[in-house]
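A short write-up of the structure that comes next.
Since every read-out is calculated from the coordinates, none of them should be taken as a lab result. Keep in mind the model is a prediction, meaning the values are calculated, not measured. Cβ: placed from backbone, ideal geometry, glycine included. Neighbour counts: every protein chain shown.
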Amino acid sequence: MPAKVHDDAFDSAADGAAGGAADANINYDDAIAYWSSVPASVNGVLGGFGEQTSVPKADIVGSSTFLRKLQTRMECPPGYQRLTIDMGAGIGRITRDLLWKVSDRCDLLEPVVPFVKQMEAELAPVAQRGKLGDIYPIGMQQWQCPPEKEGQYWLVWCQWCVGQLPDDELVAFWQRCRAALMPNGTMIVKENIAPVDDVFDTTDSSVTRTDAKFRQLFIEAGFKLIASDVQKGLPRELYPVRMYCLKAAQ
C-alpha cells in the first residue's frame with residue numbers, strides 16, 4: 001500500500017460499513033494480483049505519486065530527519081553490525097535512497113515477483129558497495145527470521161506495507177520482528193493514518209489504520225513507543241503519514 005488519497009466521502013462510508021472489522025476483508029491473493037499488475041517503478045509502488053511529484057523526496061527527507069533525531073537511541077552494541085531489513089520493500093526504493101547509507105548491510109523482503117526482479121537494477125549501486133544482503137521473495141505473514149540472524153537486526157523498517165496484514169497476523173509478524181532485533185535494536189513503522197476508524201481499500205486489499213489502533217497493536221506485539229512524528233511536505237489530498245520508533249518492551 002502506497003501513499004493514498006484521503007477521500008472524506010469514501011472514508012465515511014467505509015468507516016460505517018466496516019468499523020473495527022475492516023481488516024477482516026484483507027485477501028492476500030487479491031493484493032498480490034493488484035501489485036503484480038502495476039509498473040515495477042517508483043510511480044507504480046507509490047500509487048501514482050512517483051518521481052514526477054514531491055512525494056518520494058519528501059518521504060526520504062522526512063525519514064532521514066527522523067533517524068537523525070534518534071541517533072543516540074540507536075547505538076549499535078559492540079560486536080554487532082548495523083544489519084537492517086526493509087519489509088514490504090517494493091522495488092527497493094527506501095533501501096536504495098536511505099537505508100544503505102545508515103546500515104552496514106541491508107536485507108529486503110518483498111512478495112511481488114516483478115518488484116523483486118526490478119530490485120537487481122535499483123539496488124546495483126548498493127550491491128557494488130557490498131551492502132546488499134539477502135532478498136526474501138515472500139510475504140510478511142510468511143517470514144520467519146533465519147536462526148543465524150535471530151537477535152542480530154539493528155533495524156527493522158516497515159513502511160507502507162503493514163496494511164496488507166490483518167490485525168492478528170500483524171501482531172504475530174511484529175512479535176517475530178521483536179525477536180529478530182539485537183539488544184537495543186529498533187523497529188520503525190511509517191504508515192498512512194486514518195482519521196476516525198480503520199478503512200478498507202478494495203483496490204489493493206489493504207487497511208489504513210488509525211493512530212490509536214497502531215498504538216494498541218504495538219503494545220500487543222510487545223513493543224514500547226520511543227518517538228513519533230508526522231511526515232511533512234506531502235500533498236494535502238493524501239492521508240497523513242506518521243513515523244513510529246519502537247523498541248522491545250522490557
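Structure notes:
- C-alpha long axis of helix 211-220 to longest principal axis of the chain, angle in °: 50
- Semi-axis lengths, largest first, of the ellipsoid equivalent to segment 66-108 are 20, 13, 8 Å, with √(5λ) applied to each eigenvalue of the Cα gyration tensor.
- Counting every pair of alpha carbons in the chain, the share spaced more than 23 Å apart comes to 47 percent.
- Expected 222 nm ellipticity per residue - DSSP helices of 4 or more, -39500 (n - 2.57), all of the chain, to 500: -9000 deg cm²/dmol
- With neighbour counts taken as other beta-carbon atoms within 10 Å, the residues R209, R73, R176 rank, fewest first, as R73, R176, R209.
- Computed FRET value (nearest 0.05) for A24 with A124, which takes r as the C-beta separation and R₀ as 45 Å: 0.65
- Extension gain for K57-R242 works out to 65.0 nm (0.36 nm per residue, less the C-alpha to C-alpha distance).
- Table column - 3J(HN,Hα) (Hz), segment 147-160, Karplus curve with 6.51, -1.76, 1.60, x for Gly and Pro: x, 6, 10, 4, x, 10, 7, 6, 9, 10, 10, 10, 10, 6
- Under a 5 Å amide H cut-off, with hydrogens placed 1.01 Å from N, I135 pairs with L108 among residues at least 5 apart or on other chains.
- For segment 81-88, putting each phi into the Karplus relation 6.51 cos²θ - 1.76 cosθ + 1.60 with θ = phi - 60° gives couplings of 9, 7, 8, 10, 10, 9, 7, x Hz, in residue order, rounded to whole numbers and with x for Gly and Pro.
- Within the shell of other residues whose beta carbon sits under 11 angstrom from the beta carbon of R215, the net charge comes to +2, with Lys and Arg scored +1 and Asp and Glu -1.
- Among the trypsin sites (Lys or Arg not before Pro) within segment 98-150, those in coil by DSSP and having at most 16 neighbouring Cβ atoms inside 10 Å are R129.
- Reported value for segment 125-180: 102 Å³ per residue, from the convex hull of its C-alpha atoms.
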